[in-house]
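Take a look at the structure below.
The values are calculated or read from the model by the stated rules, or taken from the named source; none is laboratory data. The structure displayed is predicted, hence computed values, not measured ones. Virtual Cβ from ideal backbone geometry, glycine too; neighbours counted across all protein chains shown. The area values use the complete protein model at the heavy-atom level, side chains included, leaving out ligands, DNA and RNA. Shrake-Rupley method; radii C 1.70, N 1.55, O 1.52, S 1.80 Å.
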Amino acid sequence: LMVFCFFDRTDSILVTFFGGMAVATIVEYLTAVVLENVFHKKWWDYSNIKFNYKSRICLLGAVCFGTLCLLLCKVIHPLFADLISLVPRNVQFWLAVILVIVFAVDCLMTILFFRRNKSTGKEENYENQLPPLDLQTLFGNIGDKIRIRFGK
């Protein structure tokens, strides 16, 4: 979506950054609402992060999305586009078809997995296998490691 919206459509870093923030944050919010309504549970929670909205989106996430959009549109996609142009067009087509099929099967299997586990009451066990996500602790730990590594 980011490549479609911003690659070769603007040279402005600010438009790419803020546009990426907006598009990704809207997608994240809508995804949260859909997942909560379909599966009747919260998939992520930003309530412990400042400047969040209904604990579904937060300013820190939006800034990360904007930064990643810039990186994607200005660095990563141009490199991949050059590599992909080396692959014959008919191979590109069939690889795209295969990837779409794999993605669709993965989505279907995920939905079936959660529906089956919900009906047997096993979803709590699956959910409890993962530690809670605390982004402030995560980013604090990364900062500590950078300071230790570079001796500051």
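Here is a yes/no grid of residues against (1) modelled with pLDDT under 90; (2) open to solvent by 90 Å² or more (accessible area, probe 1.4 Å); (3) assigned to a loop (DSSP other than H, G, I, E, B); (4) over 21 Å from Phe17 (Cα atoms):
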| position | (1), (2), (3), (4) |
| --- | --- |
| Leu72 | no, no, no, no |
| Gln92 | no, no, no, yes |
| Ile98 | no, yes, no, yes |
| Phe114 | yes, no, no, yes |
| Asn117 | yes, no, no, yes |
| Gln136 | yes, yes, no, yes |
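With in contact with a strand residue (DSSP E or B) (Cβ under 8 Å, 6 or more places away or on another chain), more than 30 Å from Arg116 (Cα to Cα) and assigned to a helix (DSSP H, G or I) as the only criterion, which of Thr25, Thr16 stands out? That would be Thr25, the only listed residue that is in contact with a strand residue (DSSP E or B) (Cβ under 8 Å, 6 or more places away or on another chain), more than 30 Å from Arg116 (Cα to Cα) and assigned to a helix (DSSP H, G or I).
Of all residues in the stretch 6-51, those that are charged (D, E, K, R), under 18 Å from Gly66 (Cα atoms) and surrounded by 13 or more Cβ atoms within 10 Å (Cβ to Cβ) total 2.
Of all residues in the stretch 52-69, those being open to solvent by 40 Å² or more (accessible area, probe 1.4 Å), closer than 19 Å to Val3 by Cα and either aliphatic (A, V, I, L, M) or not in a helix (DSSP H, G or I) (or both) number 2.
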